[in-house]
Amino acid sequence: MCAVAGFCFKTTWLAVRDRTVQEVADALDLRERETLDWAAGTDRAYRQGVYVAEPVPGWVLAHGRLDLPPGLDTTEPEFRDWLRELSRTLGEVQFFVTERVPEYHLWARAVDGDLLRAYCYIGERGEVPLVVGEPTVDEIERNVGVRRREPGMEHWSDDEWDRWHEAMPNEFDVMAIAGRWSVDPSRIDDATVTGDGIFGRPPTGPKGTWRP
């Protein structure tokens, strides 16, 4: 997966500010719970289930490539409702996705029931199916999240298309945005994470979730 980190690319995760592992696991309604260390938990969550831990002070991460969000399509309104509801319970909740092959990249931030910002790009479709709020300073500085599908694209020149594609995010942009907003998981060294976390399964599985 990653050289030293439990997880980074080709996956999905939540970052939750100033909450306990138990509170996040409860809010996600995880079932069949097990206590696992960081390396074992993040590895298993690449294949199934969700692993919740606090690798750095102040931020709990919930990692689950196939089971986050549980049974929802991130391009549909139900995903936005789920994230808003989660933030009503937990306060500040951030959501990230990066999948290299289909160029599926997403970031979102909700606080106390308000979805403040969300942006999703699916490169294999040439689509920007989710835009909520205005680009943040962090996005503008990286020149990502600033453009979407635009009127008249069918008449664009090659140069115009090149500029549009240059503003589309990649997996490194997702990590950078995560690092500015909360935690870049690719920079977490397994050896520095001493506490255990909770692994479990959500009440509904990945069936129905948009996946490349």
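Whether any residue in region 120-140 is surrounded by 21 or more Cβ atoms within 10 Å (Cβ to Cβ) and within 13 Å of the chain's Cα centre (by Cα) is what I want to check. Checked against the condition, which is being surrounded by 21 or more Cβ atoms within 10 Å (Cβ to Cβ) and within 13 Å of the chain's Cα centre (by Cα), region 120-140 yields at least one hit.
In region 131-142, the residues that are at negative phi reach residues that are of a type in the set (D, E, K, R) and in a loop (DSSP other than H, G, I, E, B) with C-beta atoms within less than 6 angstrom, at least six apart or across chains, in these pairs: Val131/Arg148. Taken over region 141-167, the residue count meeting the criterion of being surrounded by 11 or more Cβ atoms within 10 Å (Cβ to Cβ) and closer than 17 Å to Ile177 by Cβ is 9.
Applying the set (1) free of Cβ contacts under 8 Å to residues at least 24 places away in the same chain; (2) touching a Lys or Arg at 6+ places or on another chain (Cβ under 9 Å) to Met175 leaves exactly one unmet item: (1). Scanning region 148-168 for any residue that is in contact (Cβ under 8 Å) with a residue 60 or more places away in the chain, of a type outside the set (D, E, K, R) and touching a strand residue (DSSP E or B) at 6+ places or on another chain (Cβ under 7 Å) turns up at least one such residue. Just one residue in the set Arg109, Arg80 is within 20 Å of Ala178 (Cα to Cα), surrounded by fewer than 22 Cβ atoms within 10 Å (Cβ to Cβ) and out of contact with any Cys (no Cβ under 8 Å at 6 or more places or on another chain); that residue is Arg80. Against the condition closer than 15 Å to Arg187 by Cα and touching a helix residue (DSSP H, G or I) at 6+ places or on another chain (Cβ under 9 Å), how does Trp59 come out, does it pass? The answer is no for Trp59. Considering region 80-100, and only residues there that are assigned to a helix (DSSP H, G or I) and either among the charged types (D, E, K, R) or modelled with pLDDT under 95 (or both), the residue that is nearest to the chain's Cα centre (by Cα) turns out to be Arg80. The residue that is modelled with the lowest pLDDT, among those in region 109-154 that are in contact with a His (Cβ under 9 Å, 6 or more places away or on another chain) and closer than 14 Å to Val97 by Cα, is Gly123.
Which strands (runs of 3 or more DSSP E) does region 1-63 wholly contain that include 2 or more residues that are within 20 Å of Tyr104 (Cβ to Cβ)?
Working: elements: 11-17, 31-36, 50-56, 59-63.
In region 1-63, the matching strands (runs of 3 or more DSSP E) lie at 11-17, 59-63.
Only one entry in Val21, Val56 is touching a Gly at 6+ places or on another chain (Cβ under 6 Å) and under 19 Å from Ser182 (Cβ atoms), namely Val21.
Of all residues in region 24-38, none satisfies being in contact with a Ser or Thr (Cβ under 8 Å, 6 or more places away or on another chain) and charged (D, E, K, R).
The values are calculated or read from the model by the stated rules, or taken from the named source; none is laboratory data. Just so we're clear, the structure is a prediction, and the values are computed from it rather than from any experiment. A quick note on method: Cβ atoms are made from the backbone with ideal geometry, for glycine too, and the neighbour counts reach across all protein chains shown.
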